[in-house]
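The structure appears right after this line, and notes come after that.
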Amino acid sequence: MAARWFFLGLVIFAFVITSVFSYDRPPARETLSLDHLFDDISPSSPQQVHISLVGQDKMRITWITEDHDTPATVNYGTTEGNYDLSATGTVSKYKYMLYNSGEIHDVVIGPLKPDTVYYYRCGSDTDREFSFKTPPSQFPIKFVVVGDLGQTGWTNSTLTHMAASDYDVVLLPGDLSYADILQPMWDKFGQLVEPLASSRPWMVTQGNHEVEKIPLLHPKPFTAYNARWRMPYEESGSSSNLYYSFEISGVHVIMLGSYADFESDSDQYKWLQADLAKIDRSRTPWVFVLIHSPWYSTNEAHQGEYESVGMKKAMEELIYKARVDVVFAGHVHAYERFTRVYTDKADNCGPVHITIGDGGNLEGLASNYMDKTSISVFREASFGHGRLEVENETHASWSWNRNQDDQPVSADTVWLKSLSADPACMKQ
């Protein structure tokens, strides 16, 4: 009898501990119905407005209209309703099988003052006014990092949490809209993210869901992505919108293309070599790299894929010798943080690898893991986003914020020290 009561007590204790300390992973949510976002929009009204950094003191404003006669002009200034500056740009469009895009307007404005709010209007529309804040010129600087975003109920939860935080720039390691050849879904995604993407720069790279290549019917990859989300690749000496770099407030950020050729004889590889060689750690003591397919993962999803294994084999040594601080990835729909690592072993001079492909995609979470290894510090299959605050030349704080019950919960936090501040690493 005593043994039976002891066993029952253990069961009750286990139940209480599980109820208090475990986290029940949320189910996937359906794709949002976003048609209402296009209500009351005239043919000349700017839609899907988003901004991105260009050089040290400029900003690209991108928007779409239905009207063919809307000028590619942005009027802007530092006082609400008073636009004493203006710039003009280009208009383009693309065709994807039977789909014809709207008029895509692309205007670069500047020079701009750092840490300043600008108000702007796009084209000939006088009804919609937007505003953005430029990043600071020096530390601290705050990033939001979010991958595999999509347009589901969980996406909306993630965007709400992002909007409530104080940040300067969004970094997105691929898989934006999950349009998957259904081009109107790109339009809906643009409207969904516009409130955030029009007010802070979004710096993105591509994932597998941006490829949208169909043999015979549409053999050209990345048509919609390249047309809608132009990044400052030319400014960094790149020949492709699929990989580029930029510098901001003491940070050098490299956006690589997991689905562009990356072998040692490729343009991307040669560009990366040259870009890493140009980095001056006295000016940018921090270096971050974004890819889509993770080089390190203990999740069962996407194991052994060429975009992960092959790219790691080709480029990991370059990244290591350059003393990159952090490598962010998406693709796997879960969160995982590794210690500093190189060639599958802990290495104090290697980058921290973080997988953050949990923004809210429609495919759901990747919940199955392999046996945990010593280099994997924290892992969890939950939706969320990351916040990276670079405090100064030597230290930065990282936190992963889980969307628990529609409330952001900081589930993993760590302080990072720049490798540029480690004499043992910099002398090698």
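Compare the Cα positions of Trp63, Gly123, Gly357 along the charge dipole of the chain (+1 at Cβ of Lys, Arg; -1 at Cβ of Asp, Glu; about the Cα centre) and return the one farthest towards the positive end.
Gly357
Under the 0.36 nm per residue contour assumption, what length would be gained going from the current alpha-carbon distance of Glu129 and Asp84 to full extension?
Fully extending the segment from Glu129 to Asp84 adds 14.8 nm.
Can you bin every Cα-Cα distance in segment 236-316 into 10 Å intervals starting at zero and give me the percent of pairs per bin, rounded to whole numbers?
Going out from 0 Å in 10 Å bins, segment 236-316 shows 18, 47, 28, 7, 0 percent.
Roughly how many debye, to the nearest 20, is the charge dipole of segment 311-428 about its Cα centre, given +1 on each Lys and Arg Cβ, -1 on each Asp and Glu Cβ, and no other charges?
Using Cβ point charges on Lys, Arg, Asp and Glu, segment 311-428 gives about 440 debye.
For each cysteine in the chain, check whether another cysteine's C-beta sits under 4.7 Å from its C-beta; list those where none does.
Flagged as lacking a Cys partner: Cys122.
For the chain, what is the charge dipole size about the Cα centre, in debye to the nearest 20, if Lys and Arg each add +1 at the Cβ and Asp and Glu each add -1 at the Cβ?
For this selection, approximately 1120 debye.
Under 25 Å between alpha carbons, and skipping anything fewer than 8 positions from Lys427 in its own chain: which lysines qualify?
Partners found: Lys270, Lys278, Lys312, Lys313, Lys321, Lys345, Lys417.
Find which of Ala314, Gly207, Leu217 sits farthest along the positive direction of the dipole of the chain, computed with +1 on the beta-carbon of Lys and Arg, -1 on that of Asp and Glu, about the Cα centre.
Ala314
Let me spell out the model: positive unit charges on the Cβ of Lys and Arg, negative unit charges on the Cβ of Asp and Glu, origin at the Cα centre of segment 112-256. What dipole size does that give, in debye rounded to 20?
80
Binning at 10 Å from 0, report for segment 108-159 what percent of all alpha-carbon pair distances ends up in each bin.
P(r) over segment 108-159, rounded to whole percents: 17, 30, 38, 15.
Grab every C-alpha pair in segment 70-194, bin the distances at 5 angstrom width from 0 up to the longest one, and report whole percents.
2, 9, 14, 17, 18, 20, 14, 5, 1, 0
Per the Cauchy relation, a quarter of the hull surface: what is the mean projected area of the convex hull of the alpha carbons in the chain, in nm²?
Quarter of the Cα hull surface area: 23.6 nm².
Could you order the peptides 90-96, 306-312 from most to least packed, using the average number of other C-beta atoms within 10 Å per residue?
Listed from highest to lowest mean packing, they are 306-312, 90-96.
With each run of n ≥ 4 DSSP H residues scored as -39500 (n - 2.57), what mean residue ellipticity at 222 nm is computed for the chain after dividing by its residue count and rounding to the nearest 500 deg cm²/dmol?
Per the formula, -6000 deg cm²/dmol.
What are the principal axis extents of the Cα atoms in segment 235-388, in Å, biggest first?
For segment 235-388, the Cα spread along each principal axis is 40, 29, 27 Å.
I want to check the label-to-label distance for Asp347 and Lys93. Put each point 7 Å from Cα in the C-beta direction and report it in nm to one decimal.
It works out to 5.1 nm between the two label points.
Which of the listed residues, Asn82, Gly384, Ser374, is farthest toward the dipole's positive end in the chain, when Lys, Arg count +1 and Asp, Glu count -1 at the beta-carbon?
Working it through, the farthest residue towards the positive pole turns out to be Ser374.
What's the carbon and sulfur percent of the chain's accessible surface, probe 1.4 angstrom, rounded to a whole number?
Exposed carbon and sulfur together represent 52 percent of the surface.
How large is ³J(HN,Hα) for each residue in segment 261-273, as worked out from phi by the Karplus curve 6.51 cos²θ - 1.76 cosθ + 1.60 (θ = phi - 60°), to whole Hz, x for Gly and Pro?
4, 10, 5, 5, 9, 8, 5, 5, 4, 5, 5, 4, 3
Using a probe radius of 1.4 Å on heavy atoms only, what accessible surface per residue do you get for the chain? Whole Å² is fine.
Here the residues of the chain average 42 Å² of exposed surface.
The values are calculated or read from the model by the stated rules, or taken from the named source; none is laboratory data. Predicted, not measured: the structure shown is a model, and the values here were computed from it. We place every Cβ from the backbone using ideal geometry, glycine too, and count neighbours over all the protein chains shown. When the accessible area is computed, the model is the full protein with side chains, heavy atoms only, and any ligands, DNA or RNA have been set aside. Shrake-Rupley method; radii C 1.70, N 1.55, O 1.52, S 1.80 Å.
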